[in-house]
1. To the nearest 20 Debye, how big is the dipole of chain B about its Cα centre, given +1 on the beta carbon of each Lys and Arg and -1 on that of each Asp and Glu?
2. Considering only protein heavy atoms and a 1.4 Å probe, what is the carbon-and-sulfur percentage of the accessible area of region A:9-89?
3. Take every Cα-Cα pair in region B:393-449 and report what % of them are more than 12 Å apart.
4. Decide, for the protein assembly as shown, between rounded, prolate and oblate: order the square roots of the alpha carbon gyration tensor eigenvalues as a ≥ b ≥ c, take rounded if a/c falls under 1.5, and otherwise choose prolate if a/b is larger than b/c, else oblate.
5. Return the carbon/sulfur percentage of the accessible area of chain B, one whole number, probe 1.4 Å, all protein chains in place.
6. With every protein chain kept in place and ligands, DNA and RNA left out, what is the accessible area per residue of chain B? Probe 1.4 Å, answer in Å².
7. Can you give the average number of partner chain beta-carbon atoms within 10 Å of each beta-carbon in peptide A:34-40, as a whole number?
8. Calculate, for region A:9-89, the solvent-accessible area per residue in square angstrom, rolling a 1.4 angstrom probe over the heavy atoms of the protein chains.
Amino acid sequence: MRAEPGPAYTVTFDGAQVAVLPGQTVAAALWSAGVTAWRTTRGTGEPRGVFCGIGVCFDCLVTVNGRPNQRACLVRAEPGDDIRTQHGTGHEHVVGGEER
Amino acid sequence: MSRSPHEGADGGTACPSLAVIGAGPAGLAAALAAAVRGSRVTLIDAGAQAGGQFYRQPAEELGARRPQALHHQWRTWERLRDGLAAQIAAGRVTHLTDHHVWCVERLEETSGFLVHALHGPAQEEPSVVRADAVVLATGAYEKVLPFPGWTLPGVITAGGAQAMLKGGLVLQGRTAVVAGTGPLLLPVAAGLAAAGAEVAALVESAGAQGVARHARTFAVHPDKLVEGAGYVAELMRRRVRLKARHAVVEAQGDGALEAVSVAALDRDGRVVPGSEHVIACDTLAVGHGLLPHTDLAETLGCRLEGTAVAADDEQRTDVHGVWAAGEATGVGGAALSLAEGHIAGCSAAARLAGREPDPRAWEAAAKSRAKTRKFSTSLDAAFAPRAHWAEQVTDDTVVCRCEDVPASAIREAVGELGATDARTVKLLTRAGMGWCQGRMCGPAVAGLTGCEPVPSRRPFARPVPLGVLARAGEDLPDE
Ligand SMILES: Cc1cc2nc3c(=O)[nH]c(=O)nc-3n(C[C@H](O)[C@H](O)[C@H](O)COP(=O)(O)OP(=O)(O)OC[C@H]3O[C@@H](n4cnc5c(N)ncnc54)[C@H](O)[C@@H]3O)c2cc1C
Ligand code: FES
């Protein structure tokens with residue numbers, strides 16, 4: 001499989017420049033740059049990245065342009081995005097299943 | 001509440017409207033069948049493009065020159081894709097991409113349904129579609145049973161590796177081990193190898209006999225279940241080591257995956273002592289089968305059968321106006337999803353128009369459905385996850401990835417606090433209460449508790465921002 005993508009653009013990951021192919025998700029862009037972890041868990045601070053790859057597991061949460069809890073496997077990387085490692089889970093702002 | 005511009009795909013015309021949720025093989029087949037038979041269809045999917053898991057497409061902008069290199073059944077896909085484009089052009093299908101449905105609400109007074117979705121880059125913008133009937137074609141997600149080290153970056157689900165490859169044209173790392181059980185492991189291993197990864201081993205817990213029989217079946221029915229036959233040959237050509245009746249018992253690494261420990265299994269699925277050996281790798285793609293997405297059906301009150309949505313011969317659920325097709329109704333691969341979707345679309349279009357459908361109209365699809373179901377049942381038996389997996393789950397192994405709940409907490413809830421069902425364990429330990437709402441740890445928690453996995457009765461299929469919920473609350477049914 002070969003790709004002939006449009007011109008690459010850049011985003012930043014924790015301040016460092018990362019090249020992105022148009023259409024790539026944040027997760028795909030980070031993988032291409034050799035980054036496999038961009039979150040630490042709230043409890044034990046373990047590193048995490050992609051697990052399910054299809055938006056179900058929420059392991060790939062990342063902060064994009066100041067918004068926490070974005071699923072890197074779903075969100076498209078846009079030119080100039082400021083992507084940052086997310087520490088903790090930031091539950092507060094959403095309700096899911098039987099939340100507190 | 002505020003309505004999005006998408007409201008009323010029926011557009012106020014007399015044409016009955018059908019909302020199809022999920023644009024994988026099942027949803028696409030349903031949407032096309034219903035549209036050509038006179039329904040106005042709104043096809044809604046969380047993805048940026050139609051295709052679902054099987055026909056997952058790279059983003060157009062990526063300009064993949066030969067995406068079919070990663071796909072079998074490319075011609076079927078072209079037919080679906082072109083059919084969809086034609087129906088959209090004719091105004092019979094509206095395709096809402098990037099729409100995450102969190103709830104389908106049944107309207108009591110007026111009959112019909114409201115499909116509530118979130119869209120936008122952060123999936124926080126609400127959108128509502130009104131429809132006279134609904135087809136649930138939400139597919140399945142992958143089940144992974146825990147083992148020490150499975151939370152290390154570099155350990156991903158087998159389907160996830162495939163999805164990242166098909167959708168983003170990316171690989172993680174250089175050396176991969178593919179492990180677990182089930183027919184999905186074959187296309188995943190072959191896909192990774194074709195994309196340039198070194199596949200160090202394919203570790204399958206089922207016995208070689210089962211796998212061999214399965215490989216033969218592939219040779220006879222290449223289009224069944226997974227993109228099959230060519231893959232076995234391809235793996236052999238690439239000299240991928242197939243280790244049947246083996247399991248990955250530990251993932252090792254400091255902050256990221258560096259190696260896996262693989263052990264032989266005896267006939268009962270227990271690790272053979274002393275058989276462990278280490279394989280260096282930076283990617284482990286692991287899966288133990290698929291589980292249907294049933295949340296939307298459950299909220300609607302549809303009956304389940306085991307872990308899948310129950311459907312009759314016409315693919316109707318027991319809730320009037322709700323059809324279900326594809327892997328939401330039981331895992332059986334793309335061919336089965338296509339057949340079920342087609343039948344659901346034909347039936348829904350007829351009934352929406354006030355006609356009694358004639359099953360002869362979908363005879364071929366019904367035949368294919370019957371054959372494929374039989375085939376997938378036999379596969380299920382060959383690829384059951386190994387018994388005794390829990391013996392390798394050490395006390396400090398994380399079971400609930402969202403809430404960081406270790407196996408020791410679950411064992412304590414069962415052993416010392418006397419919990420006998422997954423629900424009580426969940427309340428005592430918080431396992432299953434995090435972001436994924438127990439989708440990932442559900443089977444493991446049930447297994448460690450010693451009970452059958454049960455539907456989890458999630459109120460919503462997706463986490464919902466409070467603001468959206470407050471506004472939608474006005475017309476949500478009382479629980
Ligand atoms: C991650 C993964 C990868 C797979 N890869 C392969 C493969 O490479 N080869 C193979 O043979 N089989 C693969 N499979 C098996 C696959 O399930 C079937 O081959 C086939 O795609 C099933 O078709 P379907 O239409 O029933 O469901 P799917 O193809 O899963 O389609 C369901 C669709 O519904 C959408 N959806 C679900 N819930 C919602 C919601 N709440 N709101 C909006 N949209 C929603 C999803 O985005 C998806 O597009 C994979 C399965 C998974 C889980
Ligand atoms: S990897 Fe599972 S949600 Fe993104």
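1. Details: 47 positive and 53 negative charges, 369 e Å.
Dipole of chain B, to the nearest 20 debye: 1780 debye.
2. Numbers: 1420 of 2710 Å².
In region A:9-89, the share of accessible area belonging to carbon and sulfur is 53 percent.
3. On the way: 888 of 1596 pairs.
It works out to 56 percent of all Cα pairs.
4. On the way: a/c = 1.35, a/b = 1.27, b/c = 1.07.
It is rounded, given that a/c, with a ≥ b ≥ c, falls under 1.5.
5. Working: 9580 of 18910 Å².
The C+S portion of the solvent-accessible surface of chain B is 51 percent.
6. Numbers: 18910 Å² over 479 residues.
Each residue of chain B exposes 39 Å² on average to a 1.4 Å probe.
7. Details: counts 2, 2, 12, 5, 1, 1, 0.
Mean partner shielding for this stretch: 3.
8. Working: 2710 Å² over 81 residues.
I get 33 Å² per residue for this part.
The values are calculated or read from the model by the stated rules, or taken from the named source; none is laboratory data. Everything numeric here is computed off the predicted structure, so don't read it as measured data. We place every Cβ from the backbone using ideal geometry, glycine too, and count neighbours over all the protein chains shown. The accessibility values were calculated without ligands, DNA or RNA, using every heavy atom of the protein model including side chains. Shrake-Rupley method; radii C 1.70, N 1.55, O 1.52, S 1.80 Å.
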